[in-house]
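Here the structure is laid out as structure tokens; the discussion comes afterwards.
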Amino acid sequence: MHYIFCYYFIYIRTLYHYETVSELNDIDLLFEEYLKNLSLLYGPKSELFTIHLHSHLKTQVIRHGALSMTSCFSRESYLGLALTMCHGKKYILEQYISWHLIDRSLRENNTIEVNDIFIIELFDERHLDMQMIAYYQTKLIECCAKQNILLDPTIQLQYYAGYRRGFKTYHSKAYSRGGKAISYRVSLVNLKCIHSRKRCFADVMFYFKLSNVFYAFVKKYPCVDLSLADGLKTVVIPQNLLERLDHYYGLFNAKQNSYKIIPVTDIINKVIKMNWCDENIYVFTDVVIDWEHD
């Protein structure tokens with residue numbers, strides 16, 4: 001019975017973020033399967049409440065966009081953030097007006113365009129751990145030779161600790177102020193991947209620029225020939241669910257890796273890594289949207 005929750009997860013996960021509208025095809029059927037057993041899990045009252053909440057959700061997503069790209073409480077989010085910037089609890093409106101007038105006088109064009117959200121790239125060389133850069137120099141030179149990347153020893157490479165593409169910010173293991181952050185874990189385009197997702201897991205060691213091209217030096221972990229079904233042996237999950245789950249999750253062996261130089265454009269998303277039931281095997285899934293919204 002526990003696999004019933006997979007229907008609901010895939011239904012909401014698809015509505016939350018999708019790459020093509022065709023992914024929404026027939027997802028109503030997934031929710032209907034979940035609904036068939038809902039009263040057994042929660043009782044008839046919850047069933048009626050859930051139907052009311054979800055009956056028009058797909059229609060709203062088609063009309064307005066994925067859930068990750070919309071906000072149900074945008075006004076509350078804005079006011080909550082603005083209040084934290086105020087000095088005290090009095091004269092709040094006057095403070096807002098002052099900020100607005102100053103902003104309009106300093107910047108005539110304060111609009112955000114599509115390129116600002118998804119495309120424009122920035123590189124950050126602050127807080128760069130030069131000891132780590134020096135430690136991987138030999139490995140970097142070896143990778144350049146194997147990948148036929150011309151490296152002129154007389155030219156000093158420019159190294160970076162962070163990389164930003166639109167609203168997404170990626171760091172590297174050479175970022176000295178990373179703390180417990182894991183924003184150096186990413187998914188990469190890999191057309192040779194054995195799975196249909198064609199993306200693999202990697203740790204970004206650092207970024208660098210060579211001949212006006214920006215690269216990432218990564219520790220890459222190719223996907224292994226496993227599926228989530230291999231770890232869910234106590235339940236029988238329908239094939240259509242497994243195909244959807246495998247679309248979101250990949251598996252790799254921590255002992256199987258290699259260093260590569262890739263263009264930064266091959267980086268897809270930050271990822272979350274989770275333990276698997278077998279030793280040295282990990283599951284990873286993309287963090288498609290990492291900024292907060294209500």
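Looking at the range 186-204 only, could you name the residues that are closer than 19 Å to Leu226 by Cβ and either part of a strand (DSSP E or B) or outside the structural domain of His247 (by TED's automatic domain parsing) (or both)? Scanning the range 186-204 gives Ser187, Leu188, Arg199, Cys200, Phe201, Ala202.
Considering the range 91-147, and only residues there that are surrounded by 10 or more Cβ atoms within 10 Å (Cβ to Cβ) and among the basic types (Lys, Arg), the residue that is farthest from Leu157 (Cα to Cα) turns out to be Arg104.
Yes or no, residue by residue, for (1) over 19 Å from the mean Cα position of the chain (by Cα); (2) part of a loop (DSSP other than H, G, I, E, B); (3) more than 30 Å from Thr70 (Cβ to Cβ):
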site: Phe208; (1), (2), (3): yes, no, yes
site: Ala216; (1), (2), (3): no, no, yes
site: Thr234; (1), (2), (3): yes, yes, yes
site: Leu245; (1), (2), (3): no, no, no
site: Leu251; (1), (2), (3): no, no, yes
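Looking for something at pLDDT 95 or above, more than 29 Å from Glu113 (Cβ to Cβ), in contact with a helix residue (DSSP H, G or I) (Cβ under 7 Å, 6 or more places away or on another chain) and assigned by TED's automatic domain parsing to the domain that holds Ala145 - is there at least one such residue anywhere in the range 210-227? Scanning the range 210-227 turns up at least one residue that is at pLDDT 95 or above, more than 29 Å from Glu113 (Cβ to Cβ), in contact with a helix residue (DSSP H, G or I) (Cβ under 7 Å, 6 or more places away or on another chain) and assigned by TED's automatic domain parsing to the domain that holds Ala145. Lys255 meets the conditions (1) outside any loop (DSSP other than H, G, I, E, B); (2) modelled with pLDDT of 95 or more in every case but one. The failed one is (1).
Any residue in the range 35-50 that is farther than 27 Å from Tyr248 by Cα, surrounded by 12 or more Cβ atoms within 10 Å (Cβ to Cβ) and either at pLDDT 75 or above or touching a helix residue (DSSP H, G or I) at 6+ places or on another chain (Cβ under 6 Å) (or both)? Yes: the range 35-50 contains one or more residues that are farther than 27 Å from Tyr248 by Cα, surrounded by 12 or more Cβ atoms within 10 Å (Cβ to Cβ) and either at pLDDT 75 or above or touching a helix residue (DSSP H, G or I) at 6+ places or on another chain (Cβ under 6 Å) (or both).
The values are calculated or read from the model by the stated rules, or taken from the named source; none is laboratory data. A quick note: this is a predicted structure, and the numbers were derived from the prediction, not measured. So basically every Cβ, Gly included, is an ideal-geometry build from the backbone, and we count neighbours across all protein chains shown.
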